[in-house]
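S.K.: Handing you this structure, nothing more for now.
Values in this text are rule-based calculations from the coordinates and carry no lab data. Remember, predicted model here, so these are calculated numbers, not experimental data. Glycine also receives a Cβ, built like all others from the backbone with ideal geometry; neighbour counts cover every protein chain displayed.
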Amino acid sequence: MSDPAVDLSLPIKPVGPSRPPLMPPRLATVPTVEGDEFGGEKSRAEANVKLGTSSYQSERRSMIVGGQVSLTGDINFCDRLVVAGNVEASLHEARELEIAKDGAFKGNATVRTAEIRGRFEGDLVVRGRLVIRSTGRFSGSLTYNELEIEPGAEVSGILMLEKKNGTDWLPPAFAPIPQSGISQD
C-alpha cells in the first residue's frame, strides 16, 4: 500500500500590483515659528513674507540640525545649514552657515556667509561676511573677507584676511617656491 501524498506547501497570497506605499501629503507650512525676530509666534509663511522670501526659496537645499541631534559626515550641495545640535563634518561650498546659541560645529567649512551664535571649532573659510555674535565661540583658523565680532564673543586661533585670489598674499611659509634659478649638481 502506498501512502497518500502529503501536501506540505504553504498557502500563498496572490501578488498584487506593485506600487509605493501611500504617504500623507506634506504640510506646506509649519504651524508656528517662535522667536523675537518675528515678534512672537507666527506661521512660517508670515515670517517668510516679512523676510521677503517665499517658502520654496527658504527651504530649497537647506539642512537644519535640531537641538539634541548629532550629525557626522561630509555635507555637499547645501545652500543653507542651520546648526542647533552638534555637527562634526566637512561643509563644502555652502551659501549660508548659521550656528544657533546651543549649536556646535566641529570640522571645516567653506561658505559665502556665516553667523555664529554657538561654537565653531576647526577651519572656516568665509568668502563674504562673517558675524560672530556675543554668545559665539570660535577656535581654529579663519579666512574671511568681512568680519564682525560683537563684544562678548570669544575668538582664538589664526585669522587671515582674504582679499586676493592668488598665493602672493600668503605668508612666506605657504607661498610657492619659484623653480627658476635652482641648480642641480
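S.K.: Hey, what's the Cα Rg ratio for the range 61-161 versus the globular rule of thumb, 2.2 N^0.38 Å?
M.R.: Values: Rg = 11.9 Å, N = 101, 2.2 N^0.38 = 12.7 Å.
Here the answer is 0.94, to two decimals.
S.K.: Taking R0 as 22 Å, what FRET efficiency do you get between Lys101 and Lys163 from their Cβ-Cβ distance, rounded to the nearest 0.05?
M.R.: Numbers: r = 31 Å, r/R0 = 1.42.
Using R0 = 22 Å, I get an efficiency of 0.10.
S.K.: Per residue of the range 64-70, what does 6.51 cos²θ - 1.76 cosθ + 1.60 with θ = phi - 60° give for ³J(HN,Hα)? Whole Hz please, x for Gly and Pro, Karplus curve as stated.
M.R.: 10, 9, x, x, 6, 10, 10
S.K.: Measuring from label point to label point, each 7 Å out along Cα→Cβ, what is the His92 to Gln68 span in nm?
M.R.: Between His92 and Gln68, the label points sit 3.4 nm apart.
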